[in-house]
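Participant: Okay, here's the structure, questions in a sec.
The values are calculated or read from the model by the stated rules, or taken from the named source; none is laboratory data. Not measured: the values here are computed from a predicted model. Positions of Cβ are backbone-derived with ideal geometry, glycine not excepted, and every protein chain shown enters the neighbour counts. Note: accessible area is taken over every heavy atom of the protein model, side chains too, but ligands, DNA and RNA are not part of it. Shrake-Rupley method; radii C 1.70, N 1.55, O 1.52, S 1.80 Å.
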Amino acid sequence: MTTPQRRNLVPTSYEVLDDRFIPRRGDRWLECLHTGSRWAEGPVWVPAGRYLLWSDIPDDRILRWDETTGVVGTFRQPAGNTNGHVLDRDGRVVSCEHGNRRVTRTEHDGSVTVLAERFEGNRLNSPNDVVVRSDRSIWFTDPTYGIASYYEGNKAASEIGACSVYRIDPVTGACRIATSEMVQPNGLAFSLDERKLYVSDSGVDSITWFSVTGADTLSGGQVFATGGSFDGFRLDDEGHVWAAAGLGVNCYHPDGTLIGRLSVPELVSNVVFGGSRRNQLFITATTSLYSIRLGARGADLARATAL
């Protein structure tokens, strides 16, 4: 039997800043799965179909990489200049659309349902990234990047006059502000017990965590990390935060210590865990989609329980 040769391998390196990072390392190379995007963003792993979706925002398309064949194709174009994506509890893709200034859900039959596009009668700025809590509520960030120019959306004035984190109620569909205490809220993710919501603020280059009070209120707001050129991020199953941070991915212990870093040859925008063992980290970075097998694996979001 002939073993197929690996292709498009890019050497990488790990910077170990704390011994707690050592068992989380994996391959010594990145695999470039696709290149040719203008600004790759918002990866989401779809385990039922064994494929990955991600956004190419300026080219207004969602791309799809198939694990079984390695083929990349267009999932949707035009796509409303989508940015972040996530799966809901029923395996449907929830997307943030910069150009259309809304949050949508792709149903299993391919139709698109609008979940949020206005707050108190005013249009949203440009929803950026999104997560789903175990109570089926949907939380998203709404900075102004999609209305700042025509590159990632459509230039326009903000009708709301603020950049906030919002929550969509799973029963009523009502959209309400969870916090407005940020400059440009960007990536977000819940802690494993869902008692905290981490949010990156690319306006001040930090990640802050908030206490989730009740079903829909954020309080506190303590700085978790600074100085990383942060964008999107995800957690592994031990609560470590893997964050897009310039030309690399930073790994933070739950106590906030930067324990290690993975180098990437392009500016990183976002990450997501996937694959059959959830230990494959997919990385969107400028023009490309990369993948690497790690000693860590992503949080099992299907088992998360709101407390």
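Participant: Can you send over the carbon and sulfur percentage of the accessible area for segment 77-169, probe radius 1.4 Å, protein chains only?
Facilitator: Exposed carbon and sulfur together represent 44 percent of the surface.
Participant: Within the set of other residues whose C-beta is less than 15 Å from the C-beta of I22, count the net charge using Lys and Arg as +1 and Asp and Glu as -1.
Facilitator: After counting each charged neighbour, the total is -1.
Participant: Can you tell which of Y166, Y252, Y150 shows the greatest fluctuation in a Gaussian network model of the chain with Cα springs below 10 Å?
Facilitator: In this elastic network of the chain, the residue with the biggest mean-square fluctuation among Y166, Y252, Y150 is Y150.
Participant: Next up: Mind checking which of Q222, T74, G121 is farthest towards the positive end of the chain's charge dipole, using Cβ charges of +1 (Lys, Arg) and -1 (Asp, Glu) about the Cα centre?
Facilitator: Ranked along the dipole, the leading option is T74.
Participant: Another question, then. Under unit Cβ charges (Lys, Arg +1; Asp, Glu -1), what dipole magnitude, rounded to 20 debye, does the chain have relative to its Cα centre?
Facilitator: Dipole size: approximately 580 debye.
Participant: Shifting gears a bit: Report which label in (i) 28, 23, 18; (ii) 42, 22, 16; (iii) 27, 26, 18 holds the value of semi-axes √(5λ) of the Cα gyration tensor in Å derived from the coordinates of this structure.
Facilitator: (i)
Participant: Any idea of the accessible area per residue across the chain, 1.4 Å probe, to the nearest Å²?
Facilitator: That works out to 42 Å² for each residue.
Participant: While we're here: In segment 1-112, how does Rg compare with the Kirkwood Rh, expressed as the Rg/Rh ratio over alpha carbon atoms?
Facilitator: 1.05
Participant: I'd like the trypsin sites (Lys or Arg not before Pro) in segment 262-293 restricted to DSSP loop residues with at most 13 other Cβ atoms within 10 Å, sorted by number.
Facilitator: Sparse-neighbourhood loop trypsin sites (Lys or Arg not before Pro): R277.
Participant: Count the net charge of all other residues whose Cβ sits under 10 Å from the Cβ of R278, scoring Lys and Arg as +1 and Asp and Glu as -1.
Facilitator: Once positives and negatives cancel, what remains is -1.
Participant: Now, a different point. From the phi angles alone, apply the Karplus equation (6.51, -1.76, 1.60; θ = phi - 60°) to segment 54-65 and give each ³J(HN,Hα) in whole Hz, x where the residue is Gly or Pro.
Facilitator: 8, 9, 10, 4, x, 8, 6, 8, 10, 9, 9, 10
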